[in-house]
Structures are given as C-alpha cells and as structure tokens.
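All of the numbers you see were taken from the coordinates with simple rules; none came from a lab. Predicted, not measured: the structure shown is a model, and the values here were computed from it. FYI the Cβ positions are ideal-geometry reconstructions off the backbone, even for glycines, and counts take in every protein chain you see.
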Amino acid sequence: MNEHKKEEKKIHKGVSDRFLCIVASIIFFVIIVFLDSNNIIRWSTEIIHVHNQEKTIQEYRRKIKETDAQLESLTNNKDSLEKFAREKYFYHKKDEEIFIVK
C-alpha cells in the first residue's frame, strides 16, 4: 500500500509541475503580448508606422528629383521659363489677352 501512495504522489507531482509550467507560460505570454510597455502589439504598429514613413520619404525624394529636373530646365532655357510662367501663373505681356479654357 505504501508503494501505491508513493506512485500516486509522483503522478500528482508530475501533473502539478506540468500545470505550473502551463500557467507560467500563459502568464508570460499575456505579459509579453499585452501588458509590457514594449509589447508585441505596440511593436507591430511601430513597424507599420516606420514602413509608412519610409514610403513617404521615397515619395518626397521622387518629387525632389522632379523639381530639380524642372528647375534645371527652367534655369537653362528662357523659353521653358516663359512657358512655365504662362501656364502656371497666367503671366502675359502688356498687349496680350488671356483666355482660360478648362
């Protein structure tokens, strides 16, 4: 009978150790995912934010290149400067009339 109780205690000890391990894992998971100041949810939203910022940076770089090319064209060619001023800002000579058609 004494051996039966020892065997039963080993089973209970194994079950309680396994249970404690599972509970500790669940608590650790909850802390890491939800409660920690650097949790996984915040980390993933920051990654998305950084990705969006990188897209914005690339868009601005593309616009800067376009503007630089346009500036180069306007500074080197007087006709293109006049065309730009007339199209964008409706500049005209004193004896000209402008009709805007849209």
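Brief remarks on what is shown
- Segment 32-46, residues that are assigned to a helix (DSSP H, G or I) and surrounded by fewer than 10 Cβ atoms within 10 Å (Cβ to Cβ): Leu35
- Residue list for segment 65-102, restricted to those being surrounded by 10 or more Cβ atoms within 10 Å (Cβ to Cβ) and not in a helix (DSSP H, G or I): Asn77, Tyr91, His92
- So Arg62, is it within 30 Å of Phe28 (Cα to Cα), assigned to a helix (DSSP H, G or I) and either among the charged types (D, E, K, R) or in contact with a strand residue (DSSP E or B) (Cβ under 7 Å, 6 or more places away or on another chain) (or both): no
- Every pair of residues 6+ apart whose Cβ atoms lie under 9 Å, when the first sits in segment 60-76 and is touching a residue at least 24 places away in the same chain (Cβ under 8 Å) while the second is not in a helix (DSSP H, G or I): none
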